[in-house]
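Chemist: Before I ask anything, here is the structure I am working with.
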Amino acid sequence: MKSITLLVWITIFSIFVLNKNSAQYSDIGIGIGATTYWGDLNAPSFTTNLYRNSGLGVQIHGRYMLGHRLGLRGTFTYGTFKGNDKYSDLEWQLQRNLSFKSSIKELALMGELYLLGFDTEPGARFFAPYLTAGIAAFRFDPTTIFQGREVRLQPLGTEGQGTLGRPKKYNLNSLSIPFGLGAKFILTETINLGFEVVIRRSFTDYIDDISTIYINYDELSESAGTLSAQLSNRFNEYLGQPDPVRVPTGSQRGGAKVDDYYVMSMVTLNFMFTDHKGKRRFARGNKVICPTFN
């Protein structure tokens, strides 16, 4: 984690201080792809997680290049992701029987390092791979389906949050550290196509509403309400019985306390706003010449 953070700040510092090149490309773009959750509700299979835990994501961004190698990008992304114990082949996970779905709204500031340089002028490279890292703020809100209706989980305190002697309810706003790689394909002087995969290491273990331990059903029902107890412990639904399965307070509910991750895999379409000299691309050829008559 420390090495990732160091890379982020070295990249951003390099963009603002070390780069002396006069190239000043800038662009705006849109993206579409998958947003994927990675946490306590994962199945053992990597491909199952990639398929089952992903939702659609859309993105808008603006980028400014300082030179041919370094860039700074601001993005807004909206997407969804999910997780469900039923897709596991482990018996303890199937019995736990928990699930969630959440939207995610993210603002990110990211540096980009182009390994072979970035140039859209005629005769330049068609392929421009890059590394990226930065800082992001995001909002999530896990829900689940119970008796045919969607229920928000954070207000319920399913691990006793907000009750006497337990931690307060977790914040739905958090930070993350994005890091990953991508590539641009230069189609014309004004348009390029991109693809990137960026992992986000979040600073919360509650994207999926699961982190630590069970609270005894009767204790939680009394302190936080029956619905909280029902959604904290769903063993009985898996076993097909109406009465709750009572487990002692302190029994393991989540995995080892490791903050959750999420991944954004995007295809982007980017429109160059200025060229390497800082001149507006779309200003070219726009001059209107009025006809004259003799």
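The values are calculated or read from the model by the stated rules, or taken from the named source; none is laboratory data. In this text the structure is predicted, and so the values were computed from the model without any measurement. Note: ideal-geometry Cβ built from the backbone for every residue, glycine included; neighbour counts use all protein chains shown.
Yes/no matrix, rows are residues, columns are (1) basic (K, R); (2) free of Cβ contacts under 8 Å to residues at least 40 places away in the same chain; (3) in contact with an Asp or Glu (Cβ under 6 Å, 6 or more places away or on another chain):
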residue	(1), (2), (3)
S26	no, no, no
S54	no, yes, no
R63	yes, no, yes
G71	no, no, yes
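Chemist: Could you please let me know if F118 is in a loop (DSSP other than H, G, I, E, B) and surrounded by 16 or more Cβ atoms within 10 Å (Cβ to Cβ)? I'd like the intermediate steps shown before the answer.
Modeler: Working: in a loop (DSSP other than H, G, I, E, B): yes; surrounded by 16 or more Cβ atoms within 10 Å (Cβ to Cβ): yes.
Yes.
Chemist: Here is a follow-up. Of the numbered conditions (1) in contact with a strand residue (DSSP E or B) (Cβ under 8 Å, 6 or more places away or on another chain); (2) loosely packed, with under 15 Cβ neighbours inside 10 Å; (3) among the charged types (D, E, K, R), R200 fails exactly one; give the number of that condition.
Modeler: (2)
Chemist: Sticking with this structure for a sec: Can you pull out the residues in the stretch 235-266 that are surrounded by 18 or more Cβ atoms within 10 Å (Cβ to Cβ), modelled with pLDDT under 95 and of a type in the set (G, A, S)?
Modeler: G254
Chemist: Mind telling me which of the residues R166, R152 ends up being surrounded by fewer than 21 Cβ atoms within 10 Å (Cβ to Cβ), closer than 30 Å to P244 by Cα and touching a strand residue (DSSP E or B) at 6+ places or on another chain (Cβ under 8 Å)?
Modeler: Being surrounded by fewer than 21 Cβ atoms within 10 Å (Cβ to Cβ), closer than 30 Å to P244 by Cα and touching a strand residue (DSSP E or B) at 6+ places or on another chain (Cβ under 8 Å) holds for just one of R166, R152, which is R152.
Chemist: On the basis of being assigned to a loop (DSSP other than H, G, I, E, B), under 27 Å from D260 (Cβ atoms) and at pLDDT below 95, does T163 make the cut?
Modeler: Against the criterion (assigned to a loop (DSSP other than H, G, I, E, B), under 27 Å from D260 (Cβ atoms) and at pLDDT below 95), T163 qualifies.
Chemist: List the helices (runs of 4 or more DSSP H) that sit entirely inside the stretch 186-248 and contain at least 2 residues that are hydroxyl-bearing (S, T, Y) and over 24 Å from T75 (Cβ atoms).
Modeler: On the way: elements: 217-224, 226-232, 235-239.
Helices (runs of 4 or more DSSP H) meeting the threshold: 217-224, 226-232.
Chemist: Okay, next question. Among all residue pairs at least 6 apart or on different chains, which show Cβ distances below 6 Å where the first residue, located in the stretch 163-179, is closer than 30 Å to M266 by Cβ and the second is part of a loop (DSSP other than H, G, I, E, B) and of a type in the set (D, E)?
Modeler: L172/D141
Chemist: Would it be correct to say that L131 is loosely packed, with under 15 Cβ neighbours inside 10 Å, under 24 Å from the mean Cα position of the chain (by Cα) and of a type in the set (A, V, I, L, M)? Lay out the reasoning, then the answer.
Modeler: On the way: loosely packed, with under 15 Cβ neighbours inside 10 Å: no; under 24 Å from the mean Cα position of the chain (by Cα): yes; of a type in the set (A, V, I, L, M): yes.
No; evaluated as a whole, the condition is false for this residue.
Chemist: Test R125 against the criterion of being touching a residue at least 24 places away in the same chain (Cβ under 8 Å), of a type in the set (K, R) and part of a loop (DSSP other than H, G, I, E, B), and give yes or no.
Modeler: Numbers: touching a residue at least 24 places away in the same chain (Cβ under 8 Å): yes; of a type in the set (K, R): yes; part of a loop (DSSP other than H, G, I, E, B): yes.
Here the answer is yes, as R125 does meet what is asked.
Chemist: Another question about this same structure. Which count do you get for residues in the stretch 213-229 that are free of Cβ contacts under 8 Å to residues at least 60 places away in the same chain and in contact with a helix residue (DSSP H, G or I) (Cβ under 6 Å, 6 or more places away or on another chain)?
Modeler: Initially, the stretch 213-229 is screened for residues free of Cβ contacts under 8 Å to residues at least 60 places away in the same chain, giving 213-219, 221-222, 226, 229.
With the extra rule that they be in contact with a helix residue (DSSP H, G or I) (Cβ under 6 Å, 6 or more places away or on another chain), the set shrinks to 217, 221, 229.
Count: 3.
Chemist: Moving on to the next point. Against the conditions (1) within 28 Å of A108 (Cα to Cα); (2) in contact with a Leu (Cβ under 8 Å, 6 or more places away or on another chain); (3) assigned to a loop (DSSP other than H, G, I, E, B); (4) not hydroxyl-bearing (S, T, Y), where does V258 fall short? Just the number, please.
Modeler: Among (1) within 28 Å of A108 (Cα to Cα); (2) in contact with a Leu (Cβ under 8 Å, 6 or more places away or on another chain); (3) assigned to a loop (DSSP other than H, G, I, E, B); (4) not hydroxyl-bearing (S, T, Y), V258 violates only (2).
Chemist: Let me ask something additional. Out of the residues in the stretch 165-188 that are of a type outside the set (S, T, Y) and touching a helix residue (DSSP H, G or I) at 6+ places or on another chain (Cβ under 7 Å), state the one that is farthest from Q230 (Cα to Cα). Outline the logic, then answer.
Modeler: Our first condition is that a residue be of a type outside the set (S, T, Y); within the stretch 165-188, this holds for 165-169, 171-173, 175, 177-187.
From what is left, the residues that are touching a helix residue (DSSP H, G or I) at 6+ places or on another chain (Cβ under 7 Å) are 169, 172, 177, 179.
On the way: K169: 18, L172: 22, I177: 34, F179: 38 Å.
Looking at residues that are of a type outside the set (S, T, Y) and touching a helix residue (DSSP H, G or I) at 6+ places or on another chain (Cβ under 7 Å), I get F179.
Chemist: Further, regarding this structure: Could you check how many residues of the stretch 226-274 are of a type outside the set (K, R) and more than 32 Å from the chain's Cα centre (by Cα)?
Modeler: Here the count works out to 12.
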